[in-house]
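What follows draws every value from the coordinates through simple rules; no lab data is involved. Note that the coordinates shown come from a computational prediction; the quantities given were computed from them, not determined experimentally. Methodologically, a virtual Cβ is constructed for each residue, glycine included, from the backbone with ideal geometry; neighbour enumeration extends over all protein chains shown.
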Amino acid sequence: MPVKIRTQVGIIGAGPAGLLLAYMLRRAGIDSVILEKRSRSYILGRVRAGVMEQATRDLLIELGLGDRLCRDGLLHKGFEIRFANERRRIDLSELTGGKVITVYGQQEVVKDLLAALEQENYPLHFEIDDVHLEGIDEGAPCIRGRGAEGPIEISCDFIAGCDGFYGVSRPSIPDGVLSVLSREYPFAWLSILAEAPSASHELIYAHHQRGGAIYSMRNKRLSRHNLQCDPDGAAKSWPADKIWDELEVRLNADNSERLPRGPILDRVITRMRSFVVEPMQYGSLFLAGDAAHIVPPTGAKGMNLAVADIKCLAAGFIEHYRAGRRDKLNAYSTICLARIWRVQRFSWWMTSMFHRFPDQDTFTAHMQIAELDHATGSQAAAASLAENYVGLPHSC
Ligand code: RFL
Ligand code: PHB
């Protein structure tokens, strides 16, 4: 006999999107249940994003999730861009009237949300296989899956598909409903997390003829770096010394600036793509976060976009249950997509500017340098870069 659960909102996926939605609904007195494919320890250990926009930070603090964020998150008022022997600082704070970014690992956000939900005995079901959705176009949605204790069945009013790019929610929408708009880039990122103090107290984005590089960190002990690489290569083909040497070359590090090296704790190669589906809703299914859109990580926007979606989706559910109106739910997709496309544009622009394309000719290389020179040398252009990097205001 399946375990049968009745709830208001069935949530698929316990990434930042699903967990934040569950938390916001719980605060508003709306019931929900999460089904997650992976184990609790797996989602807590998944190393991903690190750069938080001002509005993401403000929202988490407003929701009472800011204790560790304010204590351990690193406030950054600027970052550096290196290209063609130039080193230019983008003063985010100065250019945006005091806004900043916070370096705080996505797995810390997941940890904070999970702790807050578990403290209230929130129903979160891990290691659920074969999740599938039924009745999304008939007004009686149901999620079925199978866990350690056997089949599980969630009947609900709405389903939130927060199951990332490879999840089951988006493919459950009938063919022909969604427009899929995407772009694959001919390169990938090798991302490492290393037990090494960082050499710089701010992020460094580097343009180099051998490919782009981003120097980042998590705390005083851990550094996080990304190197543009071949999408078909294997992480194993990058021995530690080769990674550190390559980082030094691409960052144009001088002798006084040898990078502190240390054991590499995590290394992963990620292909780069831009991807959007329109609309982000079908019947009683709402898509949010990476389930609906992917940005290349060069703009550091993926988790922030997921948070912005959830803020609108939670507002829609709250309006529906409190006031019996669907205006915000009906507008969810349109409102989110307007902001998503602006963030897609920024992420695409950063990606085009910092990476070497395989067929790149000298003209294109000059265009990149001119673009970097303009973006960092003109007050107006730098202000536009900074405005997007600290994050556009939320739409809901
Ligand atoms: P997630 O985090 O992928 O969570 C989806 C969850 O759904 C589960 N799931 C299923 N559950 C049940 N049934 C199924 N069939 C399921 N299929 C999947 C998964 O196990 C998972 O737990 O999506 P969400 O919540 O939308 O969050 C999106 C963010 O994770 C993502 O956008 C960011 O990590 C992107 N990103 C960055 N974003 C930033 O804002 N700032 C950054 O600095 C940044 N850097 C990055 C990044 C992503 C990277 N990679 C590895 C993709 C750097 C990298 C290298
Ligand atoms: C990170 O610290 O993980 C990071 C920094 C900058 C990016 C993407 C990721 O653009």
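Counting only GluC sites (Glu not before Pro) that are in a DSSP loop and have at most 11 other C-beta atoms within 10 Å, tell me the longest site-free stretch of the chain. Before the final figure, lay out the partial values.
Details: sites that count: E120, E138, E149.
Looking at the chain, 150-396 is the longest stretch - no exposed GluC sites (Glu not before Pro) with at most 11 other Cβ atoms within 10 Å.
Suppose R0 equals 22 Å; then what is the FRET efficiency for L265 and D67 from their Cβ-Cβ distance, rounded to the nearest 0.05? Before the final figure, lay out each step's value.
Working: r = 25 Å, r/R0 = 1.15.
It comes out at approximately 0.30.
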Checklist line | Amide H within-cut-off set for R87, under 5 Å, with H built and near neighbours excluded | finding: none
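For region 1-99, give the share of DSSP beta bridges that are antiparallel, in percent and rounded to the nearest 5; count only bridges with both residues there.
Values: 6 of 10 bridges.
Within region 1-99, antiparallel bridges account for around 60 percent of the total.
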Note to self: How large is the Kirkwood hydrodynamic radius of region 105-236, counting all unique pairs of alpha carbons, in Å?
What the structure shows: 19.2
Check: Each residue of region 240-252 in turn: what ³J(HN,Hα) in whole Hz from Karplus with 6.51, -1.76, 1.60 and θ = phi - 60°, glycine and Pro shown as x?
Finding: 3, 4, 5, 5, 5, 4, 5, 4, 4, 5, 5, 7, 6
Item checked: Approximate shape of region 17-59 as ellipsoid semi-axes (Cα gyration tensor, √5λ), whole Å, largest first -> 20, 20, 6
Item checked: Orphan Cys of the chain, criterion: no other Cys C-beta under 4.7 Å -> C70, C142, C156, C162, C229, C336
Notebook entry, point to check: Between A240 and A370, what is the spin-label point distance in nm, taking each point 7 Å from the Cα along the Cα→C-beta axis?
Noted result: 4.5
Note to self: Spelling out what I want: for every residue of region 294-310, take phi, set θ = phi - 60°, compute 6.51 cos²θ - 1.76 cosθ + 1.60 (Karplus), and round to whole Hz; glycine and proline get x.
What the structure shows: 10, 10, x, x, 4, x, 6, 10, x, 5, 5, 5, 4, 5, 5, 4, 5
Margin query: Given all pairs of different Cα atoms, what value in angstroms does the Kirkwood hydrodynamic radius of region 211-356 take?
Written below: 17.9
Check: How many angstrom separate the Cα center of region 101-146 from the Cα center of region 220-261?
Finding: 35
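Please give the net charge around E153, taking every other residue with its beta carbon less than 13 angstrom from that of E153, where Lys and Arg add +1 and Asp and Glu add -1. The partial results should precede the final answer.
Details: positive: K4, R6, R144, R146; negative: D130, E134, E149.
Net charge in that neighbourhood comes out at +1.
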Notebook entry, point to check: Can you give the alpha-carbon Rg of region 9-142 over 2.2 N^0.38 Å, where N counts its residues?
Noted result: 1.31
Check: Normalised by the residues of the chain, what does the relative contact order come to in percent, with Cα pairs under 8 Å and at least six apart?
Finding: 21
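Among DSSP beta bridges whose residues both lie in the chain, state the antiparallel percentage, nearest 5. Please report the intermediate quantities before stating the final value.
Values: 53 of 73 bridges.
In the chain, DSSP labels about 75 percent of beta bridges as antiparallel.
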Checklist line | Relative contact order of region 8-94, defined on C-alpha pairs under 8 angstrom at six or more residues apart (%) | finding: 18
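With Rg and the Kirkwood Rh both taken from Cα atoms, where does Rg over Rh land for the chain?
Using only Cα positions, Rg/Rh for the chain is 0.98.
Cα-Cα over 19 Å: which of K111/K328; K99/K301; K77/K99; K37/K111? Please report the intermediate quantities before stating the final value.
On the way: K111/K328 29 Å; K99/K301 16 Å; K77/K99 8 Å; K37/K111 17 Å.
In this structure, K111/K328 lie more than 19 Å apart at Cα.
Please give the peptides 332-338, 23-29, 258-264, 285-291 ranked by average Cβ packing (other Cβ atoms within 10 Å per residue), highest first, as a rough proxy for protection.
On the way: 332-338: 19.4, 23-29: 17.1, 258-264: 14.9, 285-291: 29.0.
The peptides rank, most packed first, as 285-291, 332-338, 23-29, 258-264.
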